[in-house]
Amino acid sequence: MRIAVIGAGIAGLVAAYGFQRDGHDVVVFEQRRDPSADGAGLTLFGNGLAALDAVGLGGLVRELSSDAIAGMRAGQRHPSGRWLFTLPPRAVASLRSIHRVTLHQALVEQLQPGTLHTGASAIVAADGSGNVTVARTTQRFDVVIAADGRRSRNRAALGLDPGLSYAGYTAWRGVTNVQVELDGAVGETWGRGRIFGIVPLPENRLYWFSTLNTPAGTEFGDEHAAVRTTFGTWHAPIPQILEATSPHDVIRHDIYDLAKPLTALARGRTVLMGDAAHAMTPNLGQGAGQGIEDAATITLLLRGAQADGVDDALASYSRIRSRRTASLWRQSRLMAKVAQASGPVTGGLRDLGMRVVPGRLAGVASAGMHFWDEPAG
Ligand SMILES: Cc1cc2nc3c(=O)[nH]c(=O)nc-3n(C[C@H](O)[C@H](O)[C@H](O)COP(=O)(O)OP(=O)(O)OC[C@H]3O[C@@H](n4cnc5c(N)ncnc54)[C@H](O)[C@@H]3O)c2cc1C
């Protein structure tokens, strides 16, 4: 079959590889001229890795990523360094971390030469007929995957756009380029309306992310200085990590999720995938993992399908993926509210809650989220 993928992010690239491996004729349209990833690190849980295995990419990603978290104490700390909560080892046993640029480059390299068309902004036909227009030229495809990110123009073109909602906080991210000692502990530190997270990457580098409640569109000027001012007095090694990060490697994005989850992810021969389908807050670390699950699900559903018989596969994709991702969208939004609690009462209750939640419960709660199985059809 002839398949168009719009967007060379993680979701689109995994889908393109899966389709190509199954013998489909695949074209990827990416609007940027240089499609290299921005961003810092990325964590992937067992569900994302299982989905990568299903399309033949699990081995590659395991090779390029780190499983160091599994051997460390992980959980939530107070800015003083006092532990609020330690995750049971099984909650992070499957967790791997990777530099986004490494992952993105590796995925691009897996595609056959000529698959990726850069500088190609693509728009689908509103009726989902399979027509895709790039630079005023329209081509017809048997299936179209719109994986064009949270601000997806194609979601809007299909009439499926509920709009975006600001989550109330902004997020800085960075990667260290000098080794910093972790003393065997990682995870998140929760202050009032602000969080700092530490994740080990391969080659003794660290990925960190930090959040701050602030109105949308707040300007900070010098981002590195702003993040050091916000977190510079927190427990070690947070100040050391910021010191070990080059100012050029600090990025910041205001956090938005979909205003409400979509109940349909397909129109005609066109489906939405990744953030275009289910942009969620990053609080569960599941955005890319869900995009990878989407990619593996549609790949498997279309395996062996003929061009005139894709309707059932696309309907199954829409049903299976909208149910799964709507549930995670809700959990992620709730977690954002809890984690970003800023008042003395709400923040204090949250910290108390973290201390009394039994680790066993956290293990059970994460079990379903971190598990993915092949679609039944
Ligand atoms: C602070 C933060 C931390 C996060 N941490 C994690 C984590 O640890 N684990 C995790 O799983 N997820 C995480 N996420 C979420 C994750 O980053 C996203 O869910 C994921 O990268 C989305 O991938 P995507 O391929 O759907 O979209 P994108 O990466 O946005 O890619 C979309 C692509 O489409 C292109 N495009 C857009 N419009 C067009 C067009 N019309 N034509 C052609 N191309 C187009 C864009 O240029 C872009 O390359 C985090 C997010 C944030 C903000």
Q) What spacing in nm lies between the two simple spin-label points modelled at Ala236 and Lys337, each 7 Å away from Cα in the Cβ direction? A) 3.9 nm
**Q.** Other-chain or far-sequence residues with amide H under 5 Å of Asn131's (modelled H)
**A.** Ala125, Phe141
**Q.** Karplus-derived HN-Hα couplings along the stretch 261-274 (A = 6.51, B = -1.76, C = 1.60, θ = phi - 60°), whole Hz, x at Gly and Pro
**A.** x, 7, 9, 10, 10, 9, 9, x, 9, 10, 10, 8, 8, x
**Q.** Heavy-atom accessible surface of the stretch 202-355: percent carbon and sulfur, 1.4 Å
**A.** 55 percent
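Ignoring ligands, DNA and RNA, what percent of the 1.4 Å accessible area of the stretch 1-157 is carbon and sulfur?
That fraction is 47 percent.
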Q) Can you give the FRET efficiency for Arg21 and Arg62, using 1/(1 + (r/R0)^6), R0 = 22 Å, r = Cβ-Cβ distance, to the nearest 0.05? A) 0.80
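Quote the charge dipole size of the chain about the Cα centre in Debye, to the nearest 20; the model charges only the Cβ of Lys and Arg (+1) and of Asp and Glu (-1).
Rounded to the nearest 20 debye, it is 1020 debye.
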Q) How large is the dipole of the stretch 170-272 about the Cα centre if only Lys and Arg carry +1 and Asp and Glu carry -1, each at its Cβ, rounded to the nearest 20 debye? A) 580 debye
Q.
Using amide H atoms built in the peptide plane, which far-off residues or other-chain residues are under 5 Å from Ser121 H to H?
A. Ala135
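For the stretch 1-133, what is the charge dipole size about the Cα centre, in debye to the nearest 20, if Lys and Arg each add +1 at the Cβ and Asp and Glu each add -1 at the Cβ?
With Lys and Arg at +1 and Asp and Glu at -1, about 660 debye.
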Q) When only the heavy atoms of the protein chains count and the probe is 1.4 Å, how do Tyr317, Tyr17 rank by accessible area, highest first? A) Tyr17, Tyr317
Q: Quickly estimate the mean residue ellipticity at 222 nm for the chain, helices only: each DSSP H run with n ≥ 4 gives -39500 (n - 2.57), and the total goes over all residues, rounded to 500.
A: -10500 deg cm²/dmol
Q: Return the sequence-ordered ³J(HN,Hα) values of the stretch 198-213 in whole Hz as given by the Karplus equation 6.51 cos²θ - 1.76 cosθ + 1.60 applied to θ = phi - 60°, using x for Gly and Pro.
A: 10, 9, x, 10, x, 6, 6, 9, 10, 9, 10, 9, 8, 10, 8, 5
(Q) Please give me the summed charge of the neighbours of Ile292: other residues whose Cβ is under 15 Å from its Cβ, Lys and Arg +1, Asp and Glu -1. (A) 0
Q) Among Ala167, Gly285, Ala295, which residue has its Cα positioned farthest towards the positive end of the charge dipole of the chain, with +1 placed on the Cβ of Lys and Arg, -1 on the Cβ of Asp and Glu, and the dipole taken about the Cα centre? A) Ala167
**Q.** Spin-label model distance (nm) - Ala225 vs Ala93, 7 Å beyond Cα toward Cβ
**A.** 4.9 nm
Q) Using θ = phi - 60° and the Karplus curve 6.51 cos²θ - 1.76 cosθ + 1.60, what whole-Hz ³J(HN,Hα) does each residue of the stretch 15-32 get, with Gly and Pro shown as x? A) 4, 4, 5, x, 5, 5, 4, 8, x, 6, 8, 10, 10, 10, 9, 10, 5, 6
Q) Taking GluC sites (Glu not before Pro) as exposed when DSSP calls them loop (any state but H, G, I, E, B) and at most 13 other Cβ atoms lie within 10 Å, what is the longest stretch of the chain free of them, the sites themselves excluded? A) 1-180
Q: For Arg77, list long-range residues whose amide hydrogen, built 1.01 Å from N in the peptide plane, is under 5 Å from its own amide hydrogen.
A: Leu84, Glu188, Thr189, Trp190
Q: Please work out the average accessible area per residue across the chain, using the 1.4 Å probe convention, and give it in Å².
A: 42 Å²
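The values are calculated or read from the model by the stated rules, or taken from the named source; none is laboratory data. A quick note: this is a predicted structure, and the numbers were derived from the prediction, not measured. Note that we place each Cβ from the backbone using ideal geometry, even for glycine, and neighbour counts take in every protein chain shown. We work out accessible area using only protein heavy atoms, side chains counted, and drop any ligands, DNA or RNA first. Shrake-Rupley method; radii C 1.70, N 1.55, O 1.52, S 1.80 Å.
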